[in-house]
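Participant: What follows is a single structure, and I will ask about it in a moment.
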2 protein chains.
Amino acid sequence: MTSPSAASAIVTAALVIIGDEILSGRTRDANLSYLAEQLVEAGIRLEEVRVVTDRTDAIVRAVNELRERHDHVFTSGGIGPTHDDITCDAVAEAFGVAVERHPEAVRRMREHAARRGLELNEARMRMARAPASAVLIRNPVSAAPGFTIGNVHVMAGVPSVFQAMVQELLPSLRGGDRMHSLSVVCDLGEGVVAGGLGGIQERYPDVGIGSYPYYRAGAFGTTLVMRGTGRDRIELAAEEVRALVRSLGGTPTDVNEET
Amino acid sequence: MTSPSAASAIVTAALVIIGDEILSGRTRDANLSYLAEQLVEAGIRLEEVRVVTDRTDAIVRAVNELRERHDHVFTSGGIGPTHDDITCDAVAEAFGVAVERHPEAVRRMREHAARRGLELNEARMRMARAPASAVLIRNPVSAAPGFTIGNVHVMAGVPSVFQAMVQELLPSLRGGDRMHSLSVVCDLGEGVVAGGLGGIQERYPDVGIGSYPYYRAGAFGTTLVMRGTGRDRIELAAEEVRALVRSLGGTPTDVNEET
């Protein structure tokens, strides 16, 4: 998709998913699509996602490259109690700071353990550690917190906990101009609409027009997605797209509410 | 997870998913988990995945960084007929070579178009382009080919076509020592097994032991995954893990066939 031209306030983000279980195909990631949808609402543009192995050097490199380039970096995974949970130490290394036991994290975990009748053993207490100067992200599900250091927000990988942490965190982040989108589905192949579509894109440089072919249940067609910060411009571009589809003998259908 | 120590032949790979539609949350990627599973079978370790925007600079950077670091780089998306399909040009730019119309690609697409009664317009002919010196990857679904240049394999984003191209390509790639895995599920929290698990990991540096907590249907527990190139070592580590779970009052269950 062609990028929309510079808007007045663009806020970008990246996500680092830490997880050998995803790279080995054992688990399907669910956090990318959740975060993507939430960031659209918050006016933050997710521009890059990396899935990296549970290795310190891989995490440090991804975090350091991405925090330079984006307003926000989110991480998912590797903050549990076991030997393979190394995200806290890797992020501290990326920032060149020490890891400490965080008194407020200890307090929250003690309270949770007492309520649930859990023993707070040494392994669990690992989850009360955070890089020096980090700010905790509340975990309303299982108490062990995430944290923010600089522009990096470190969260759990378990989807229910990740989602709860995103909900805790997002209201406190500065967003930019919200992206809106509108989709038109048509019963024509991509190759049929491509020529005319390129012309519309040239006339609407401030609207990103994406074209996504589909084959399902024996039928094929194309979903055309208009995205940008100006709703009126998106609607104007969409009207030209609908007219193009009709002129080529197809039937355009709006598939979702404008968002 | 701790990395297994150096095996005799480690072959690594990365995947670049090109797609604004995934970063905006509109579409869930299906190609990562498919490729991950296929690469395990082929003895190739998927070590990094990046999802990048449909922008030339983002694609060029990802391809150039990853092809230096891995034996194979796979890309998914952006090779269709529309204005937002820029992967071919971006990959050519990454290699500093020109894009040309490829005679064999033209032949295959003409044949397919004739069979299906499709018109081969200018937009569709864009899909017959490839970087100079690229080798085509056959597309048995819709003819328009992918291609390999250097160690970079460029494939379609539509899952049915991506999968078909992976099947065409994989037999021709050199794999390394195959990773095997074995999973044991237990009804204990991660914090309970963590201490003992770390000890087992220390005794089996050649087996990566991953720990994945779950909460589902009101129950919680932990899946423990042993991975490595030596099946006997994996089974020995798994037996220690089962004994650990029993010693802590839990019940270990093998969840899948050893792979």
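The values are calculated or read from the model by the stated rules, or taken from the named source; none is laboratory data. Computed from a predicted model, the values in this text were never measured in an experiment. Neighbour counts run over all protein chains shown; Cβ positions are idealised from the backbone, glycine included. The area values use the complete protein model at the heavy-atom level, side chains included, leaving out ligands, DNA and RNA. Shrake-Rupley method; radii C 1.70, N 1.55, O 1.52, S 1.80 Å.
Participant: Checking the structure you have, find out if any residue of segment A:179-189 is more than 21 Å from the chain's Cα centre (by Cα), within 12 Å of another protein chain (Cβ to nearest Cβ), surrounded by 16 or more Cβ atoms within 10 Å (Cβ to Cβ) and not hydroxyl-bearing (Ser, Thr, Tyr).
Facilitator: yes
Participant: I'm checking my understanding of the structure. Among residues of segment A:49-78 that are more than 11 Å from chain B (Cβ to nearest Cβ) and assigned to a loop (DSSP other than H, G, I, E, B), which one is surrounded by the fewest Cβ atoms within 10 Å (Cβ to Cβ)?
Facilitator: A:ASP71
Participant: Next question, about the same structure. Quick test for you: out of B:VAL225, B:VAL158, B:VAL152, B:VAL185, pick the one residue that is under 30 Å from A:ALA217 (Cβ atoms) and in contact with a Phe, Trp or Tyr (Cβ under 9 Å, 6 or more places away or on another chain).
Facilitator: B:VAL158
Participant: Find all pairs meeting these conditions: Cβ atoms under 6 angstrom apart; at least six residues apart or on different chains; first residue within segment A:89-100 and open to solvent by 50 Å² or more (accessible area, probe 1.4 Å); second residue at pLDDT 95 or above and of a type outside the set (Val, Ile, Thr).
Facilitator: Final answer for the pair search is A:VAL97/A:PRO131.
Participant: Among the residues of segment A:111-127, write down those that are within 14 Å of chain B (Cβ to nearest Cβ) and part of a helix (DSSP H, G or I).
Facilitator: Listed by number, the residues that qualify are A:HIS112, A:ALA113, A:ARG116, A:GLU122, A:ALA123, A:ARG124, A:MET125, A:ARG126, A:MET127.
Participant: Give the residue, chosen from A:LEU236, A:LEU244, that is buried (at least 22 other Cβ atoms within 10 Å of the Cβ) and modelled with pLDDT of 95 or more. Spell out the reasoning first.
Facilitator: Values: A:LEU236 fails: buried (at least 22 other Cβ atoms within 10 Å of the Cβ).
The match here is A:LEU244.
Participant: Out of everything in segment B:228-252 that is charged (D, E, K, R) and touching a residue at least 40 places away in the same chain (Cβ under 8 Å), what residue ends up being nearest to A:SER160 (Cα to Cα)?
Facilitator: B:ARG242
Participant: Is there a residue being more than 12 Å from chain B (Cβ to nearest Cβ), within 30 Å of A:ASP232 (Cβ to Cβ), aliphatic (A, V, I, L, M) and touching a residue at least 12 places away in the same chain (Cβ under 8 Å) anywhere in segment A:146-168?
Facilitator: Checking segment A:146-168: not a single residue is more than 12 Å from chain B (Cβ to nearest Cβ), within 30 Å of A:ASP232 (Cβ to Cβ), aliphatic (A, V, I, L, M) and touching a residue at least 12 places away in the same chain (Cβ under 8 Å).
Participant: It is to be established whether one or more residues within segment A:90-110 are assigned to a loop (DSSP other than H, G, I, E, B), within 13 Å of chain B (Cβ to nearest Cβ), under 25 Å from A:ASN64 (Cα atoms) and of a type in the set (Val, Ile, Thr).
Facilitator: No, because not a single residue in segment A:90-110 is assigned to a loop (DSSP other than H, G, I, E, B), within 13 Å of chain B (Cβ to nearest Cβ), under 25 Å from A:ASN64 (Cα atoms) and of a type in the set (Val, Ile, Thr).
Participant: Please go through segment A:208-226 and pick out each residue that is at the interface with chain B (Cβ under 7 Å from one of its Cβ atoms) and open to solvent by 30 Å² or more (accessible area, probe 1.4 Å).
Facilitator: Matches in segment A:208-226: A:PRO213, A:TYR215.
Participant: Of all residues in segment B:209-252, which are farther than 20 Å from A:SER24 by Cβ and among the β-branched types (Val, Ile, Thr)?
Facilitator: Result: B:VAL245, B:THR251.
Participant: Of the residues B:LEU46, B:LEU15, which is open to solvent by less than 30 Å² (accessible area, probe 1.4 Å) and at the interface with chain A (Cβ under 8 Å from one of its Cβ atoms)?
Facilitator: Working: B:LEU15 fails: at the interface with chain A (Cβ under 8 Å from one of its Cβ atoms).
That would be B:LEU46, the only listed residue that is open to solvent by less than 30 Å² (accessible area, probe 1.4 Å) and at the interface with chain A (Cβ under 8 Å from one of its Cβ atoms).
Participant: Could you please tell me which pairs satisfy a Cβ distance under 8 Å, a separation of 6+ or placement on different chains, a first residue in segment B:191-220 that is touching a residue at least 24 places away in the same chain (Cβ under 8 Å) and among the aliphatic types (A, V, I, L, M), and a second residue that is open to solvent by 40 Å² or more (accessible area, probe 1.4 Å) and assigned to a helix (DSSP H, G or I)?
Facilitator: As it stands, the answer is B:ILE200/B:GLU240; B:VAL207/B:ARG233, since those pairs meet every condition given.
Participant: Follow-up. Inside segment A:33-43, can you point out the residues that are open to solvent by 20 Å² or more (accessible area, probe 1.4 Å) and either within 7 Å of another protein chain (Cβ to nearest Cβ) or out of contact with any helix residue (DSSP H, G or I) (no Cβ under 9 Å at 6 or more places or on another chain) (or both)?
Facilitator: Across segment A:33-43, the qualifying residues are A:GLU37, A:VAL40.
Participant: In segment A:166-178, how many are open to solvent by 30 Å² or more (accessible area, probe 1.4 Å) and either modelled with pLDDT of 95 or more or not in a loop (DSSP other than H, G, I, E, B) (or both)?
Facilitator: Number of matching residues: 4.
Participant: Would you call B:VAL225 assigned to a helix (DSSP H, G or I) and touching a residue at least 40 places away in the same chain (Cβ under 8 Å)?
Facilitator: It is false that B:VAL225 is assigned to a helix (DSSP H, G or I) and touching a residue at least 40 places away in the same chain (Cβ under 8 Å).
Participant: For segment A:42-83, name all the residues that are of a type in the set (D, E, K, R) and in contact (Cβ under 8 Å) with a residue 60 or more places away in the chain.
Facilitator: A:ARG45, A:ARG67, A:ASP71
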